[in-house]
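The values are calculated or read from the model by the stated rules, or taken from the named source; none is laboratory data. The shown structure was predicted, so the numbers you read here are calculated from the model rather than taken from an experiment. Cβ coordinates were reconstructed from backbone atoms using ideal geometry, including for glycine residues, and neighbour counts include every protein chain displayed.
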Amino acid sequence: MKQLAIAERSLLAGHILSMVFGLAGLLLVLPNAELIANLPEIGKTVFQWSMAGGGVAYMLLGTAAVAIYVFRTIGTRQGLTFMLPAVFLSLGSELLGTSTGFPFGHYRYLSGLGYKVAGLVPFTIPLSWFYLGISAYLLARVGLESRFQWSAWLRLPIAIALGALLLTSWDFVLDPAMSQTNVPFWIWEQPGAFFGMPYQNFVGWMGTGIVFMSVATLLWPKQPLALSRQQLVFPLVVYLSNLAFSTVMSLGAGFVVPVLLGMVTGVIPAIALYWMARTPEAAIEQTLANTMRETAVVNPPATLPVVSTK
């Protein structure tokens, strides 16, 4: 288990560093052709590799880091029952979107994000839906369950909606920059009113997030997740680091309003949910309570014999 934790943190560090190098290349090196010309041959080779595969590398590192974290903390069954719906349902939405314009609007992917499934959607895109989606969902669900003792029919739909909002907030900040920089990764065939994006795009993001989070919720146990605030540090770092990457990209392109919107609907709620989570001691108590509840359901106490007083 210790080796898995080390691998998880190493992959997360690589994920964050690859985003930092990507920002440096896109915002500092690429706009200044003389910098590239003055690089030694090995530097030019590294730069060419980073431009060709940097987007793929940071998504693969993020996916691997989050997958290990999920399987280590909440188990293989719950990890797979979130990953598979997230990857395949989001891929279906993306294929539908790039083919028909529903549910996001009319857009198409350019190069830089890896092999395209059916020639339309880079294989890394569904992976990003997974690792950002489960990070957002865990923050929302654990934070809410730690403070509110609502019944499952109320707290689970609210957690799904809040998790989908956190996920969509990432796109508020990411999409304007990634589609309108000097080196765009996708373009809108019919630009919309929100910094080049149609408002339909956000409805599609919310809807897709709600669908795969709902499927995972139906497949997961209904009792509260016994994760502590300390265990939520990892998904919080994943979420905030990706929003930071998007923020720098958007600010570099001169987009301030999307960044402010992402702060209000994403960063602030994510941090608040993290602080709402249980302390490690309270999480242990919740684990014991869940175990006792499951044991009572599987092995109910025997009915005591009725003793006659006659």
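Checking the structure you have, find out if any residue of the range 248-259 is of a type in the set (Gly, Ala, Ser) and under 13 Å from the mean Cα position of the chain (by Cα).
Initially, the range 248-259 is screened for residues of a type in the set (Gly, Ala, Ser), giving 250, 252-254.
If we keep only those that are under 13 Å from the mean Cα position of the chain (by Cα) as well, we get none.
No, the range 248-259 has no match at all.
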Could you go through the range 118-131 and let me know if any residue there is aliphatic (A, V, I, L, M), assigned to a helix (DSSP H, G or I), touching a Leu at 6+ places or on another chain (Cβ under 8 Å) and modelled with pLDDT of 95 or more.
yes
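Between Arg141, Arg155, which is of a type in the set (Lys, Arg), assigned to a helix (DSSP H, G or I) and crowded, with 22+ Cβ neighbours inside 10 Å?
On the way: Arg155 fails: crowded, with 22+ Cβ neighbours inside 10 Å.
Answer to the selection: Arg141.
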Which condition from (1) over 18 Å from the mean Cα position of the chain (by Cα); (2) at pLDDT below 95; (3) farther than 24 Å from Thr279 by Cβ; (4) not in a helix (DSSP H, G or I) is the one that Ser179 breaks?
(4)
Picking from Trp205, Trp150, Trp170, Trp220, the residue that is of a type in the set (Phe, Trp, Tyr) and at pLDDT below 95 would be Trp150
Condition first: outside any helix (DSSP H, G or I) and under 19 Å from the mean Cα position of the chain (by Cα). Can you find one or more residues in the range 80-100 that meet it?
no
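Would you confirm whether any residue within the range 237-259 is touching a Ser or Thr at 6+ places or on another chain (Cβ under 6 Å), within 24 Å of Val183 (Cβ to Cβ) and at pLDDT 95 or above? Let's see the steps before the verdict.
As a first pass, look at the range 237-259 and keep what is touching a Ser or Thr at 6+ places or on another chain (Cβ under 6 Å): 238-239, 253, 258-259.
Imposing the further condition that a residue be within 24 Å of Val183 (Cβ to Cβ) reduces the set to 253, 258-259.
Narrowing further to those that are at pLDDT 95 or above: 258-259.
Yes: one or more hits.
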Might you let me know whether the range 192-203 holds any residue that is in contact with an Asp or Glu (Cβ under 9 Å, 6 or more places away or on another chain), buried (at least 19 other Cβ atoms within 10 Å of the Cβ), among the aliphatic types (A, V, I, L, M) and within 27 Å of Gly54 (Cα to Cα)?
yes
If you go through the range 73-87 one residue at a time, how many are more than 18 Å from Ser228 (Cα to Cα) and in contact with a helix residue (DSSP H, G or I) (Cβ under 7 Å, 6 or more places away or on another chain)?
6
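Here is a yes/no grid of residues against (1) outside any helix (DSSP H, G or I); (2) surrounded by fewer than 22 Cβ atoms within 10 Å (Cβ to Cβ):
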residue	(1), (2)
Gln223	yes, yes
Val233	no, yes
Leu236	no, yes
Ala244	no, yes
Leu251	no, yes
Gly266	no, no
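Hey, can you tell me all the residues within the range 183-206 that are within 23 Å of Lys116 (Cβ to Cβ), out of contact with any Ser or Thr (no Cβ under 8 Å at 6 or more places or on another chain) and not charged (D, E, K, R)?
To start, the set of residues in the range 183-206 that are within 23 Å of Lys116 (Cβ to Cβ) comprises 183-191, 196-198, 200-201, 204-205.
Checking which are out of contact with any Ser or Thr (no Cβ under 8 Å at 6 or more places or on another chain) leaves us with 183-184, 189-191, 198, 200-201.
Within the range 183-206, Val183, Pro184, Gln190, Pro191, Pro198, Gln200, Asn201 meet the criteria.
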